[in-house]
Amino acid sequence: MTTLEAREFVHFSPGDNHWHVGLGAFAVGTAFERDRHFVSTALPSLRRLRDVTKGREICRSVARVGGRVPITTSGMGKAILSSYSLAEISDVLRRRGLRRLTPNTLATREALVQNLIQIESVGYSVDDQENSPDVRCIAAPVYDGRSEILCAISVSGVPSRITPDCVPVIGRTVARIAGELSDLMRGQGAPLQL
């Protein structure tokens, strides 16, 4: 019990001489509860996004389950990174660097920061064949109940289907549905319903 107490999973109350659930256990429990409900909460919105963007056509995209790509080259990564401060961005770049995966990959800190400023302004990010030469991805962040980014949602496709002219329309759609999901998760400062 002393180990659990040291990690704030329990605390001892001398007044009633009992052990009680601590903040650490509460945090783990609420994170589990939130994540469990997120999937069931998000599914109707994600299906609507698929239908609105005509995403029922088959498009082969190779991604390994649990695979990783540089945060600076993916639409979802840049949507998340756009919430970081300049100091946090510098820290990420110092640790990870800027890997050039395609000719379109943003190769300088300045280009990345300008792109992140634009993402924050319009509410969605674009991976314009920066991670893979034959895939364009449009993503937007979803916020949790503390107004922190929980995840990002995206629409991806081949550049012949997601043309530069389509990007703003699809981007606004992805951002709107991400905003609805954020509201459902009580994100972006949405008032708590009591």
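Identify the trypsin sites (Lys or Arg not before Pro) of the range 101-194 meeting these criteria: DSSP loop state and at most 11 other C-beta atoms within 10 Å of the C-beta.
146
Where does each of 84, 143, 124 land when they are ranked from fewest to most other beta-carbon atoms within 10 angstrom?
84, 143, 124
Using the number of other C-beta atoms within 10 angstrom as an exposure proxy, rank 49, 4 with the fewest first. Kindly include the intermediate steps, with their values, before the conclusion.
Numbers: 49 23, 4 15.
Placing the least packed residue first, the sequence is 4, 49.
Through the Karplus equation 6.51 cos²θ - 1.76 cosθ + 1.60, θ set to phi - 60°, convert the phi angles of the range 154-162 into ³J(HN,Hα) values in whole Hz; use x for Gly and Pro.
With the stated coefficients, the range 154-162 comes to 8, 10, 10, x, 6, x, 5, 9, 9 Hz.
Would you calculate the separation in nanometres between label points at residue 146 and residue 100, each defined as 7 Å from the Cα along the Cα-to-beta-carbon direction?
Inter-label distance under the simple model: 3.9 nm.
Rank these for me by crowding, 54, 78, going from fewest to most other beta carbons within 10 Å. Spell out each step's value before the answer.
On the way: 54 11, 78 28.
Going from least to most buried by this count: 54, 78.
Every read-out reported here was derived from the displayed coordinates using simple, explicitly stated rules and does not represent laboratory data. Since we're looking at a predicted model, the values are computed, not measured. Glycine also receives a Cβ, built like all others from the backbone with ideal geometry; neighbour counts cover every protein chain displayed.
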